[in-house]
Structure formats: C-alpha cells, structure tokens
Amino acid sequence: MDTPRADGFTLFGTDLGVCGIAWGSGGICGVQLPQGSEQDTRQRMHRRFASAAEMVPPPEVRLAISGVVALLQGERVDLSGIALDMTGVPPFHRQVYELARAIPVGSTLTYGEVAAQLGEPGAARAVGQALGANPFAPVVPCHRVLAAGGKAGGFSATGGIKTKLQLLLIEGATFGEPGLFDGI
C-alpha cells in the first residue's frame, strides 16, 4: 500500500503512552499508537513517513490530537469527522475503515458483521486483513471489531490483543458473552 505524502508529524502524550500523528495537504496520513517509549514512537514515525519533518501541528491536527487524547482518557468522543488522507488505501480497505469509523464508542461488531454490512458476507478474513493494515488507529477504531464467538481476534499495534482489550476497557465496551476480558 502506498502511503500518502506527509508534510509533518508530531508526538503527543496520552494515558497509554506517547502517540504520533502525521499530516499532509489531504488530511491525516497516519496515527501511531505507543511503541513502548517516546524514542521508539519517533523512530516508527520516521520509518513510516520518511519525508515528514517533526513540527508543531496546524490547528486541525491539534483538534484531532485533542480528540485522540480524550478518547484514550475514556471520554465518549466521536472521531469520525477527522479528515483522513486515504491515498493508496485499496477500495475495500476504505469501505472497511469507513464502516469501522461508524461504530460508536463502547460498541463492537464482529469481522463477519462488518463483512455482511459491506455486502460481502464471506469476507470476514478480508475485513481482518484490512483492519490489520489500518494506518489510522484509533481514529479508525479497528479495536472495536472482534472475532466471532466473543473472541478478541487480532490487533497489530504494539502489545497486540492486550492493547486492543485495554482500548475497549477504556471505552467501557460491554459484551454479550463472558470471556473476552478473562486474564487481563
């Protein structure tokens, strides 16, 4: 997948750790969940957006940062209005991301439910692959999409499923079946 050209990026603190965000003329190019340390997150941003300079973000990016910080503090914030630059994002992935952005804070869908809502009922694995490539987490809240049977499914961010479950706990997600948070 081609990444959009980012003009700048910045790091910002959250309750989970230091996140990163990159932007360009078409909107937010990528968001980075914490990588373990500020330096690790900075290095990851440099790898993902080699042409971008670390700089003070413009007002619309500062608003996006405020929203992400609030979400990660447990506020019920709707991030669906943040402009994303989806240059190079395949059409199916875009559809998955748009649908994921419509999942309310504290709610979840399964990979199969997302596939069915997209009119592709047999595409649960493809939905999972699209979400695994999500460059915008948590603005595109891939953590709100679970596997069938009350299982967490995967999560490609640092910390894997533990981070996914932590995000869902922060959001106050509730589930119809026991077991999802066992062992946390």
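Key figures for this structure:
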quantity: Residues located in the stretch 3-54, provided they are among the charged types (D, E, K, R), closer than 20 Å to LEU72 by Cα and outside any helix (DSSP H, G or I); calculated: ASP15
quantity: Leading residue by the ranking (least open to solvent (accessible area, probe 1.4 Å)) among those in the stretch 114-136 that are outside any loop (DSSP other than H, G, I, E, B) and without any contact (Cβ under 8 Å) to a residue 12 or more places away in the chain; calculated: ALA116
quantity: Residue tally, condition part of a helix (DSSP H, G or I), surrounded by fewer than 21 Cβ atoms within 10 Å (Cβ to Cβ) and among the β-branched types (Val, Ile, Thr), over the stretch 66-96; calculated: 1
quantity: Residue in the stretch 33-40 that is in contact with a Phe, Trp or Tyr (Cβ under 9 Å, 6 or more places away or on another chain) and open to solvent by 20 Å² or more (accessible area, probe 1.4 Å) present; calculated: no
quantity: Number of the exception - PRO57 against (1) part of a loop (DSSP other than H, G, I, E, B); (2) closer than 15 Å to VAL140 by Cα; calculated: (2)
quantity: Residue check for THR110: touching a residue at least 24 places away in the same chain (Cβ under 8 Å), of a type in the set (Ser, Thr, Tyr) and surrounded by fewer than 20 Cβ atoms within 10 Å (Cβ to Cβ); calculated: yes
quantity: Odd one out for LEU99 among (1) open to solvent by less than 50 Å² (accessible area, probe 1.4 Å); (2) more than 14 Å from the chain's Cα centre (by Cα); calculated: (2)
quantity: Members of the stretch 148-162 found to be buried (at least 18 other Cβ atoms within 10 Å of the Cβ) and either at positive phi or touching a residue at least 60 places away in the same chain (Cβ under 8 Å) (or both), listed by number; calculated: GLY153, ALA157
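The values are calculated or read from the model by the stated rules, or taken from the named source; none is laboratory data. Remember, predicted model here, so these are calculated numbers, not experimental data. All Cβ positions, glycine included, derive from the backbone under ideal geometry; neighbour counts span all protein chains shown. Areas reflect the complete protein model, heavy atoms only, side chains present, ligands, DNA and RNA absent. Shrake-Rupley method; radii C 1.70, N 1.55, O 1.52, S 1.80 Å.
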